[in-house]
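**Student:** Below: one structure in structure tokens.
Since every read-out is calculated from the coordinates, none of them should be taken as a lab result. Keep in mind that what you see is a predicted model, and the values were worked out from it rather than measured. Neighbour counts run over all protein chains shown; Cβ positions are idealised from the backbone, glycine included.
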Amino acid sequence: MSTAATADASSSGDTTEGSVRLLTLQSEDGEVFEVKETIATQSVTIKGMVDDDCATSTIPVCNVTGRTLAMVIEWWNKHEIGAVSNEKELKEWESQFDTIDDKSDRDDVYDLLMAANYLNIPTLLDCCTSAVAEAIKGKSTDEMREFFDIKSDFDEKEEDALRKENQWAFEN
Amino acid sequence: MSSSNFPSDLIVDVVSYLPVKSLCRFKCVSKSWLALITHPQFVKLHHARTQRQIFLLAIDASLYHVDFQTSLLQQEPSLSLPSSSSYRKVVPIKHDLPFKEEHDRRNFRLCSWVSESSNGLFCTLMLDPPDREFFIYNPSNREYKKIPYIESEKEFPTLHGFGYAESIDDYKFVKVLIKRNIIQIFSLRNNSWKTIKCDFPFNVKIPLARSTGWEYGIPLDRSIHWVVDVVLNRPRRHRYDDYYYHPYQHRSKQIVAFDLVEEKFKTLPILDQVFQNVKRLTVLEDRLCIINNRDQFWIMKKYGAKKSWTRILIPKKPYQGRCSSKDSRNFFLKVKDNRYLLVNLDDDKYTAFDGNKCYTKHVYVENLVSPNFHTDVAVASEGINNFTRL
């Protein structure tokens, strides 16, 4: 997954670019990004702050690292109305989220999922949740417990009965 | 992925995208997962999100399911297909009915199914005499329910039907006993039978030469539909059984619809030319469709509107044999050499599969709905608080 940051960094520190207002976002680890208000408001959380006039100074984005925030901003840029000329291109770009093969991809998707949840970005959230679903659909029950850190609270008899009931789902 | 701190509302989101097979396995993860996966609200959320379409085929007396989305595509150059179309071959996977053990010696037959938009449960009839047993079956999660015995089992003629009504979120199995002029209705939600008086607005006759499946209704939206013969007037009595028509009686065909919510019959208007030599009633493109003896397809574009019956053209040639359809934009064609083709009207794609005798072909959108409504609720009330969004 690409991690290229394509934030609209403005060296002048001026918070307006033409008539477009720039918002300053600060990640958990202190990285600062300046983002056009029109694209950052894809986040329902940020839109709420803008609407309430609470977005005048630096907005702290807790729980989200600079690396992840850069990815979120890339998502915003791609999904800005008019940024991508055709739907097919956007789908192709999104398809990189569909396959989660190695561990670094998984971490990226997990981080993105948490960020999308925190910032309330419905399109990114949908994309990440279906990517995680794709990655876990073939797992065994033990792998699922490990994955979500769940302890089984069934006793042996109960679990056996349930397994028997759903035996076909354990076969290939 | 460090997922120990996965928020529970995100778990619900993620899990709602999983196929039914994975979810049936994950019921065994923990009590709260079992509660989540069987919760009626989660069942609805999952159904709205996944929309995976599966085909159920009875080929050579065995049942198979085919998931065209994930089946391996393979070029099949031996079939002479239109050059503009693409096609692929799929391998059907054997599907064992969980209640078949009870009926091991018996043949089974799927008698009816609900359409795509109506939550994919099937009604299956075990034909083996002396009992005629009806099962409601969800092939996605392999759950089934045997319809309790009712005294009318052997009565004839009887119209049968099974359908889903979204507004009352209930499935109903219906038997119309024509001789006695009553309707017996089994509600899955209430898990009980009730009997009401039949309000047929005319004199229904059953054709002497019956084509297969005439008595099984076609569910669409909240109604079940049958094609029946009606006698307009009878100048004289015949020695034949009153409930079969005589060749000299003045009769016509009607589509009757039984509304599952209001539990009332109505008739649907038809065009005369549509009804000449009706072979079967089915659903195509989410609309009622009549196929006649010349394999013409007529659909009722606007439900209930007589003038909306429209003939649609099906790319039949160069294929011979039967057509049947049970899906919005897909239908099956039997071709020579015991081949079957799935034809998609949208992208002109052909999918071939083999089978000597393919009796029935159905399509459903997989979901987690349990035919055993009442037990669902009991399971779901426990531990659901772990997943706060429900």
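**Student:** Can you check what the net charge comes to around A:Leu69, using other residues whose Cβ is under 11 Å from the Cβ of A:Leu69 (Lys, Arg +1; Asp, Glu -1)? Could you put the intermediate results ahead of the total?
**Tutor:** Values: positive: A:Arg67; negative: A:Glu28, A:Asp29, A:Glu31, A:Glu74, A:Asp111.
Local charge sum for A:Leu69: -4.
**Student:** How about the range A:100-172: which GluC sites (Glu not before Pro) there lie in a loop by DSSP and see at most 12 other Cβ atoms within 10 Å?
**Tutor:** On the way: sites: A:Glu134, A:Glu143, A:Glu146, A:Glu156, A:Glu158, A:Glu159, A:Glu165, A:Glu171; in loops: A:Glu171.
Of the GluC sites (Glu not before Pro), the ones in loops of the range A:100-172 whose Cβ has at most 12 other Cβ atoms within 10 Å are A:Glu171.
**Student:** Say R0 is 51 Å: what FRET efficiency, to the nearest 0.05, do A:Val20 and B:Arg49 get from their beta-carbon distance? It would help to have the intermediate numbers written out before the result.
**Tutor:** Details: r = 36 Å, r/R0 = 0.70.
It comes out at approximately 0.90.
**Student:** Evaluate E = 1/(1 + (r/R0)^6) for B:Asn293 and A:Thr58, where r is the Cβ-Cβ distance and R0 equals 56 Å; express this FRET efficiency to the nearest 0.05.
**Tutor:** Values: r = 76 Å, r/R0 = 1.36.
E between B:Asn293 and A:Thr58, to the nearest 0.05, is 0.15.
**Student:** For peptide A:162-168, how many partner chain Cβ atoms fall within 10 Å of a residue's Cβ, on average?
**Tutor:** On the way: counts 6, 3, 0, 6, 10, 4, 8.
What the average comes to for A:162-168 is 5.
**Student:** List the pairs from B:Lys146/B:Lys306; B:Lys94/B:Lys194; A:Lys137/B:Lys31; B:Lys145/B:Lys302; B:Lys172/B:Lys301 whose alpha-carbon separation is above 30 Å, in the order I gave them.
**Tutor:** Among B:Lys146/B:Lys306; B:Lys94/B:Lys194; A:Lys137/B:Lys31; B:Lys145/B:Lys302; B:Lys172/B:Lys301, the Cα-Cα distance tops 30 Å for B:Lys146/B:Lys306; B:Lys94/B:Lys194; B:Lys145/B:Lys302.
**Student:** If I model a spin label as a point 7 Å beyond the Cα along the Cα-Cβ vector, how far apart are those points for A:Asp29 and B:Ile312 in nm?
**Tutor:** 5.6
**Student:** Per residue of A:118-131, count partner chain C-beta atoms within 10 Å of its C-beta, then hand back the mean as an integer.
**Tutor:** Taking the mean over all residues of the peptide, I get 2.
**Student:** Another question, if that's okay. If you count, for every residue in B:142-151, the Cβ atoms of partner chains within 10 Å of its Cβ, what is the mean? Before the final figure, lay out each step's value.
**Tutor:** Values: counts 5, 2, 0, 0, 0, 0, 0, 0, 0, 0.
Partner-chain Cβ atoms within 10 Å, mean over residues of B:142-151: 1.
**Student:** Measure off 7 Å from each Cα along the Cα-to-Cβ vector at B:Asp170 and B:Gln41, then give the distance between these two points in nanometres to one decimal.
**Tutor:** Label-label distance for B:Asp170 and B:Gln41, simple model: 2.3 nm.
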